[in-house]
Amino acid sequence: MQIRAAVLEEFGKPLAVQDVELAGPRSGEALVKLHACGVCHTDLYTASGADPSGYVPCVLGHEGAGVVEAVGDGVSSLAVGDHVVTLFSPFCGECVNCASGKTNVCVAIREQQNRGYLPDGSTRLSRGGEELRHFMGCSTFAEATVMPEIALAKVSPEASLEACALFACGLSTGLGAAMYRAAVEPGSTCVVFGAGMVGLGAVAGCRLQGADRIICVDLSAERLELAARNGATDTWTATEGVVERIVEETGGYGADYTFEATGLVSVMRQAVESARMGWGLCTIAGVAGKGETLDIVPRFLMQGRRVQGASFGGVRSREQVPLLVERYLAGDIDVDSFISHRLTLDEVNRGFELMHDQDGIRSVLVF
Ligand SMILES: [Zn+2]
Ligand SMILES: [Zn+2]
């Protein structure tokens, strides 16, 4: 079938929205008609050429939500008409990692996905006979996509697909970091560094876990206001000495849980150092630039602080994204407060500009 899609032709150049060919689903795959897709930093980062593992030409986008239109042979958990969220972080339930029960990082299709191919090593996207690769296994800056069954989460049809798109990446990453990876205990004190999509998700996650005090630190007054609306009890403008202030306000010990959601290694260090001595747990959810390293003074670990990372917030995507969407439907997560702009597919480059200017939390393309 012919679809409209935003193609990254060359690094550092605007995306080119055009007609491309999308082949039908093969064994274990489903065709999804997309209704909405969030515009994320990872798309922008890849488009800029800063990511050495990027590839062109490809169709960008990975925060999609839509409706299943067709399924290939052997697909048993999805049917035509199902509402789904696209997952750059699949969950097969059977590979060595999934079976361990210890991680959400599925390795079943990792190799091909990293190279821009579907699990059988081919693409469903093409243009005049030339293959177009699939970005993050998703390619959702498009009217439709074909993805593996294990990379689609079936969600309640009652949830708006625009809201569902946010659960495909940053929002679930933040929520999951607090709810699943750190598993914040009720009554605890939490600090969230960064009030972008991931940080706001972490603030909401800490609230849902029953945290007593949630301090959110950011540079933007507007974002801090959103943090307050989503459960932050304290909003602080990021300044020098923030670690000392946290230690001081927590009886001289530090916070039970800290979350880093800026991707800056200097802030990661602050998140480590403001975790409580004895048991403080620092969860790194932001993505640092390639090759950057995090400095930690070993004494901080010696005194009992712990540091962990989380990919997709530790969320077991296929199982837990539907549960997070249920929390949204129950009124527990104010997703609408995060959608700052609604754009058409043709305005996708405008979405990048808005992000570059730090205008709003999330732009959503609506097809
Ligand atoms: Zn993303
Ligand atoms: Zn797996």
- Query: Taking segment 293-306, which residues are part of a loop (DSSP other than H, G, I, E, B) and loosely packed, with under 12 Cβ neighbours inside 10 Å?
  - Reply: THR293, ASP295, VAL297
- Can you work out which of the residues in segment 124-182 that are crowded, with 24+ Cβ neighbours inside 10 Å and among the aromatic types (Phe, Trp, Tyr) is nearest to PHE193 (Cα to Cα)? PHE167
- Message: From the list GLY93, GLY128, exactly one residue is on the phi > 0 side of the Ramachandran plot, assigned by TED's automatic domain parsing to the domain that holds ASP51, within 13 Å of ligand 2 (Cβ to nearest atom) and not acidic (Asp, Glu). Which is it?
- Response: GLY93
- Message: Cβ-Cβ under 9 Å, sequence separation 6+ or interchain: first residue in segment 34-54 and over 19 Å from LEU343 (Cβ atoms), partner of a type in the set (Val, Ile, Thr) and in a helix (DSSP H, G or I). Which pairs?
- Response: ASP51/THR42; SER53/THR46; GLY54/THR46
- Item | Candidate set from segment 55-97 (those that are free of Cβ contacts under 8 Å to residues at least 24 places away in the same chain and under 22 Å from VAL315 (Cβ atoms)); member that is nearest to ligand 1 (Cβ to nearest atom) | ASN97
- Note on the structure: Taking segment 221-242 and keeping only residues that are surrounded by fewer than 18 Cβ atoms within 10 Å (Cβ to Cβ), part of a helix (DSSP H, G or I) and touching a Ser or Thr at 6+ places or on another chain (Cβ under 9 Å), one is left with ALA221, GLU225, ALA228, ARG229
- First in segment 323-345 and in the same structural domain as ASP357 (by TED's automatic domain parsing) and over 21 Å from GLN209 (Cα atoms), second anywhere and part of a helix (DSSP H, G or I) and among the aliphatic types (A, V, I, L, M), Cβ under 8 Å, 6 or more apart: ILE339/ALA163; ILE339/LEU166; SER340/LEU354; HIS341/LEU354
- Task: Kindly check whether there is at least one residue in segment 324-337 that is farther than 30 Å from THR86 by Cβ, aliphatic (A, V, I, L, M) and over 15 Å from the mean Cα position of the chain (by Cα).
- Result: no
- Query: What are the residue pairs meeting all of these: first residue in segment 297-312, first residue touching a residue at least 24 places away in the same chain (Cβ under 8 Å) and farther than 11 Å from CYS282 by Cα, second residue among the polar types (S, T, N, Q) and buried (at least 16 other Cβ atoms within 10 Å of the Cβ), Cβ atoms under 8 Å, and 6 or more apart or on different chains?
  - Reply: SER311/SER89; SER311/ASN104; PHE312/SER89; PHE312/ASN104; PHE312/SER172; PHE312/THR173
- Task: Would you check which residues across segment 54-80 are touching a Lys or Arg at 6+ places or on another chain (Cβ under 8 Å) and polar (S, T, N, Q) and list them?
- Result: SER77
- Message: Which residue is surrounded by the fewest Cβ atoms within 10 Å (Cβ to Cβ), if the candidates are limited to segment 22-58 and must be closer than 11 Å to GLU143 by Cα and of a type outside the set (A, V, I, L, M)?
- Response: LYS33
- Item | Any hit, segment 103-113, residues being modelled with pLDDT of 95 or more, within 16 Å of ligand 1 (Cβ to nearest atom), outside any loop (DSSP other than H, G, I, E, B) and not charged (D, E, K, R) | yes
- Can you run down the residue pairs with Cβ atoms below 7 Å, 6 or more apart or on separate chains, where the first is in segment 106-134 and under 23 Å from ILE3 (Cα atoms) and among the aromatic types (Phe, Trp, Tyr) and the partner is more than 16 Å from ligand 2 (Cβ to nearest atom) and not in a loop (DSSP other than H, G, I, E, B)? TYR117/ARG133; TYR117/HIS134
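The values are calculated or read from the model by the stated rules, or taken from the named source; none is laboratory data. Everything numeric here is computed off the predicted structure, so don't read it as measured data. We place every Cβ from the backbone using ideal geometry, glycine too, and count neighbours over all the protein chains shown.
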